[in-house]
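Taking it in order: structure first as structure tokens, then the write-up.
None of the figures in this text is laboratory data; all of them are computed from the coordinates on show. Computed from a prediction, not measured in an experiment: that's the story for all the values here. So basically every Cβ, Gly included, is an ideal-geometry build from the backbone, and we count neighbours across all protein chains shown.
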Amino acid sequence: QVHLVESGGGLVHPGGSLRLSCAASGSIFSFDVMNWYRQTPGKERELVAGIISGGRTNYADSVKGRFTISGDNAKNTVYLQMNNLKPEDTAVYYCNFISRLSNAWGQGTQVTVSS
């Protein structure tokens, strides 16, 4: 099985930055697709960013130009660099790994953007 652990969340002022990390372990040697999702209470989980093995990325319109997803296959880790954070970015952020045999989720890390 695959185990994902997020870290890097916290409280930040509007305009600030955070870098989230997601470390994968288990029966994994490379990632097919890694995603970052976010969710607030009472709302649907939203795809924020994704990266495909080989480096292709995509982003939700709401975060384009502010967030950057990247991966390090050697470390089995995916990152989400979040710049110019806004209050509407407040959510629990989850990493997600998809392959032929897996659809794994981390436990989530809280990001709060507030003045």
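Under 23 Å from the Cα of Lys86, which lysines turn up, not counting those fewer than eight places away in the same chain? Result set, ordered by chain and number: Lys43, Lys64.
Label-to-label distance, Asn103 versus Glu44, with points set 7 angstrom from Cα along the beta-carbon direction: 1.5 nm. Charge dipole (Cα centre; +1 on Lys/Arg Cβ, -1 on Asp/Glu Cβ; no other charges) of the chain amounts to roughly 100 debye. Would you please name the GluC sites (Glu not before Pro) within the range 11-115 that are DSSP coil residues with at most 15 other C-beta atoms within 10 Å of their C-beta? When the GluC sites (Glu not before Pro) of the range 11-115 are filtered for loop state and at most 15 Cβ neighbours within 10 Å, Glu44 remain.
Computed over the chain with a Gaussian network model linking Cα atoms closer than 10 Å, the most mobile of Ser17, Ser70, Ser99 is Ser99.
Applying both filters, DSSP loop and at most 13 other Cβ atoms within 10 Å, to the trypsin sites (Lys or Arg not before Pro) of the range 35-93 gives Lys43, Arg56, Lys64.
For the chain, the convex hull spanned by the alpha carbon atoms encloses 94 Å³ per residue.
Computed from label points 7 Å out along Cα-Cβ, the spacing between Val33 and Asn58 is 0.8 nm. Here the mean projected area of the convex hull built on the C-alpha positions of the range 63-108 is 4.2 nm².
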